[in-house]
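A.B. asks: The structure under discussion is supplied below as structure tokens; questions concerning it will follow.
The values are calculated or read from the model by the stated rules, or taken from the named source; none is laboratory data. Given the structure is predicted, the values throughout are model-derived calculations rather than measurements. Quick reminder, even Gly has a Cβ in these numbers, built from the backbone with ideal geometry, and neighbours come from all protein chains shown. Ligands, DNA and RNA are stripped out before the accessible areas are found, and what is left, the full protein with its side chains, is counted by its heavy atoms. Shrake-Rupley method; radii C 1.70, N 1.55, O 1.52, S 1.80 Å.
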Amino acid sequence: MLLEPPGWEGSPQGLPHWPYVRAVDDALTARGIPPGSVRADATTRERGFTTYMWLTWDTSRTRGQRGIRLHWKERLGWFYALTGINSQDVLHYTVAPFRTVFPRPEDIAEVAEHLVCFRQLPDVEYRTEWDGADDVRAAGRDFRRLVLGLTPLGHQDAATGAGPKTGGGEGVQLTIDTRADTYEQAIAAVQAAYGRSEDVLAGRLLPDLSQTAESRRG
């Protein structure tokens, strides 16, 4: 069972991608290959406050003398690594066979089983998106607005019926209220959406996002 994530300011339910983390972990557990370590967090301001997760199987949980790590990045999707006896020793790192940033947890579990048990990828490309992907994308956008001092778009949706439109791609549509948002806040929101690192907040300090939700199994 995963530990609950730390609650962020304005988001006591935890990390915005936590529902995806839980769904993936549940699928892996159902397949009989729970990872030994699950780490979920968000990057720093310099990297755009994007979310990620690591799933790690050390050599005690795999066949042979190699460990396995799956790595998900909010804007790039899934990668996998072969590790040595020391799980920090990465021997190989490359993209996983998913053609969507948010593949279904069941498909992730199938790929993980091939890697953990046979150290090879299935000869399949996975293109089906998880049905909760749009909700996690929206939560990620609101999370970045919160840490930049902007009103979450979800709140604006409830009040005005307006808000972002999400299509099948990986783009982000921003809504900036020129009556309520300052120029600096608007620029910061655009930079966060594009993952840019320039500091335009005139010395304003943002929350330290070094907290991590991590779970280890014995």
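A.B. asks: I need every pair where a residue in segment 66-94 that is touching a residue at least 60 places away in the same chain (Cβ under 8 Å) has its Cβ under 9 Å from the Cβ of a residue that is part of a strand (DSSP E or B), sequence separation at least 6 or different chains.
C.D. replies: Glu74/Ala42; Glu74/Thr51; Glu74/Tyr52
A.B. asks: What single numbered condition from (1) open to solvent by less than 70 Å² (accessible area, probe 1.4 Å); (2) modelled with pLDDT of 90 or more; (3) not aromatic (Phe, Trp, Tyr) fails to hold for Ala30?
C.D. replies: In the conditions (1) open to solvent by less than 70 Å² (accessible area, probe 1.4 Å); (2) modelled with pLDDT of 90 or more; (3) not aromatic (Phe, Trp, Tyr), Ala30 misses (1) alone.
A.B. asks: Still on this structure: Would you say Arg119 is more than 21 Å from the chain's Cα centre (by Cα) and at positive phi?
C.D. replies: yes
A.B. asks: Does any residue in segment 35-53 that is on the phi > 0 side of the Ramachandran plot and assigned to a loop (DSSP other than H, G, I, E, B) come within less than 8 Å, Cβ to Cβ, of a residue that is of a type in the set (Ser, Thr, Tyr) and at pLDDT 90 or above six or more places away or on a different chain, and which pairs are these?
C.D. replies: Phe49/Thr43
A.B. asks: Further question on the same structure: Could you please find all residues in segment 107-140 being of a type in the set (Asp, Glu), surrounded by 13 or more Cβ atoms within 10 Å (Cβ to Cβ) and touching a Lys or Arg at 6+ places or on another chain (Cβ under 8 Å)?
C.D. replies: Correct list: Glu110, Glu113, Glu129.
A.B. asks: Related question: For segment 12-34, give me each residue that is of a type outside the set (A, V, I, L, M) and not in a helix (DSSP H, G or I).
C.D. replies: Hits for segment 12-34 are Pro12, Gln13, Gly14, Pro16, His17, Gly32, Pro34.
A.B. asks: With under 19 Å from Pro16 (Cβ atoms) and at pLDDT below 95 as the only criterion, which of Gln120, Gln156 stands out?
C.D. replies: Just one listed residue meets the conditions, Gln156.
A.B. asks: In segment 54-72, what residues are in a strand (DSSP E or B), open to solvent by 10 Å² or more (accessible area, probe 1.4 Å) and out of contact with any His (no Cβ under 6 Å at 6 or more places or on another chain)?
C.D. replies: Thr56, Arg69, His71
A.B. asks: May I ask you to say which residue of Arg61, Arg39, Arg45, Arg69 is of a type outside the set (A, V, I, L, M) and over 22 Å from Ile85 (Cα atoms)?
C.D. replies: The conditions single out Arg45.
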